[in-house]
1. Test residue 509 against the stated conditions and say whether it is in contact with a helix residue (DSSP H, G or I) (Cβ under 9 Å, 6 or more places away or on another chain), hydroxyl-bearing (Ser, Thr, Tyr) and closer than 30 Å to residue 17 by Cα.
2. Go through region 432-485 and report how many residues are touching a helix residue (DSSP H, G or I) at 6+ places or on another chain (Cβ under 9 Å), charged (D, E, K, R) and more than 16 Å from the ligand (Cβ to nearest atom).
3. Looking at region 171-196, which of its residues are away from the ligand (no atom under 16 Å from the Cβ), within 25 Å of residue 411 (Cβ to Cβ) and hydrophobic (A, V, I, L, M, F, W, C)?
4. Restricting to region 136-175, what's the tally of residues that are farther than 30 Å from residue 100 by Cβ and touching a Gly at 6+ places or on another chain (Cβ under 8 Å)?
5. Please determine, by comparing only the residues of region 149-159 that are of a type outside the set (D, E, K, R) and closer than 19 Å to residue 196 by Cα, which one is surrounded by the fewest Cβ atoms within 10 Å (Cβ to Cβ).
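The values are calculated or read from the model by the stated rules, or taken from the named source; none is laboratory data. Remember, it's a predicted structure, so these values are computed and weren't measured experimentally. Because the Cβ atoms are built from the backbone with ideal geometry, glycine has one as well, and the counts that use them run over all protein chains shown. Note: accessible area is taken over every heavy atom of the protein model, side chains too, but ligands, DNA and RNA are not part of it. Shrake-Rupley method; radii C 1.70, N 1.55, O 1.52, S 1.80 Å.
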Amino acid sequence: MEQLRWGTPEALRGLLCELVSWHSMTLTEGEREFPGKVETKLKELQYFRDNPSNLKLNEADLGRRFLTALYRHKDVKDTIVLISHFDTVNTEEYGDLEPYAYQPEALTKLLFDRMDELTRDAQVDLLSSQYLFGRGTMDMKMGLAMHMGLLEKAAVEKWPINLLLLTVPDEEVNSSGMRAAVTKLLDLKEEHQLDYKLFLNGEPVFTQEPGDRSYYVYSGSIGKIMPSALFYGKETHVGEPLSGITAPYIASFLTQRMEWNMNLQENVMGETTPLPVTLQQKDLRLEYSVQTPYRSAALYNVFLMKRTAEEIMEIFEKIAQDAARACNQSYKDVCLKQSATPIGEVRVLRFEDLQRHAIRKFGLDLVEKVKVEVQANSNWDDREKSLRIADSLMIECQELAPAIVLIYAPPYYPAVNSSHEDLVKKCVQYVQEEGLKKFALPIKQVHYFNGISDLSYLNYQDNGKGWTAFKANTPVWGSSYTIPFDAMVKLQAPVLNVGPFGKDAHKRTERLHMKNAFEEVPFLVEGMIKMIAASRSQIPSNSN
Ligand SMILES: [Zn+2]
């Protein structure tokens, strides 16, 4: 039998260090080059020399690509998709050690001279020699290395199941890689007659609270959405403050009510979403002036588990109406005491209402022109573009002012959960039993991966109404941002995340637990895949 390249813990360690050495921070040249290097590496395997067309680089956006590599067993349709992202966050926080951020072995050695710069927990881990430090070791090049090892082994040993490795860019920013890959997954399903049974991600284990050392598997992934607002007041001169109403004043009422609002917290199967917080609150004016600021914006972060974009918008709208009422009342009270005439009442409208109003007033062409002009500014990201489109329309529709315009700013990660699926229950039970038996490793199940992941774009469950609110209220929808909801609905198979244990993702002390990563998890995932392959006759096949 062909010798395995990545069949031992040492070989996996070498492969991981090689993958880490290929810099691939999001939105860099390295991110563009990375999947080509993985392709070259997989081409060395006999299976892909014999089946070169099963290995494909596919376009994402901005010159970035994602890689698909299929091991296809001729007699079986059942397929497990192995998902990873290869981009990493940046490395500024490494300071003078930055050149070593991508050299785990060297960095881990160097850190012994920097003991005093490390937290107590990191010191203990470094001294234990059980951890490998470096950017991307944990999040998540180890997941990819493990999947490459599994793919090789499956092909050499001819496992009676198909494995489709999918590795994508841009998870850390907008998930454009995964959003592009969704339609490719449908194409491949047709082309190779695949029956997707499980979407298996390999994101690392994230602590549930500081100091947490437990090992988890995840049968779902938390959702995240950004309800945002454009505050459009009425301008005035600083000498006549009551003849206008400033945007920051209006904004203060909403931000006060959005931050930590428990109506936007969810509790599902004993797990709780973190409370909403303000991500940004800012003036849209570009320079200082004695004209009062009458246009500003705020972005709020909201996590979700069961709720859809429509439900969040309804709650957001109620909170905004309450904020507007309080703002109007307090403005009126001051006007009364100062014998001034109020300029009007702040109203609340959704972006879709503003857009409808603008189309009625000027026609669709002008609205489209406004969008095209904003999109042409390459210095603005999708969040800024969203606010600027709403702002430009409000400038043309000042009869609606003062107003709070409610929008959605990208990205949106729908929540996904497969805890009730039989296959997932069997998988969780399998790894829990084997983990204990083989490694004395207790494994806990978490229903929603708390680190946000690409699993959000699979197995979409919605009767079709929930996401229309997102489409209608996302100003950049269809131009610089889209989510392939229709395709996601067709990709119905349970999701699961089983990845290595590490700590401090996105920090300079990012580190991977070596025994867990190179021995325990690859062993458990291999066994789990074989269990699925062996038991497939007992699992009712769904024929989508
Ligand atoms: Zn990650």
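1. yes
2. 6
3. Answer for region 171-196, where residues must be away from the ligand (no atom under 16 Å from the Cβ), within 25 Å of residue 411 (Cβ to Cβ) and hydrophobic (A, V, I, L, M, F, W, C): 180, 182, 185, 186, 188.
4. Here the count works out to 1.
5. Looking at residues that are of a type outside the set (D, E, K, R) and closer than 19 Å to residue 196 by Cα, I get 159.
Matching residues to (1) open to solvent by 10 Å² or more (accessible area, probe 1.4 Å); (2) on the phi < 0 side of the Ramachandran plot; (3) in contact with a helix residue (DSSP H, G or I) (Cβ under 8 Å, 6 or more places away or on another chain); (4) more than 16 Å from the ligand (Cβ to nearest atom):
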{"position": "85", "(1), (2), (3), (4)": "no, yes, yes, no"}
{"position": "97", "(1), (2), (3), (4)": "no, yes, yes, yes"}
{"position": "113", "(1), (2), (3), (4)": "yes, yes, no, yes"}
{"position": "126", "(1), (2), (3), (4)": "no, yes, yes, yes"}
{"position": "137", "(1), (2), (3), (4)": "no, yes, yes, no"}
{"position": "161", "(1), (2), (3), (4)": "no, yes, yes, yes"}
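Every residue, every condition in (1) within 30 Å of residue 207 (Cβ to Cβ); (2) out of contact with any Pro (no Cβ under 6 Å at 6 or more places or on another chain), yes or no:
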position	(1), (2)
235	no, yes
240	no, yes
246	no, no
252	no, yes
262	yes, yes
275	yes, yes
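Each row is one residue, and each column tells you yes or no for (1) under 19 Å from residue 494 (Cα atoms); (2) touching a helix residue (DSSP H, G or I) at 6+ places or on another chain (Cβ under 9 Å); (3) part of a loop (DSSP other than H, G, I, E, B); (4) among the polar types (S, T, N, Q).
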site	(1), (2), (3), (4)
166	yes, yes, no, no
171	no, yes, yes, no
178	yes, yes, no, no
191	no, no, no, no
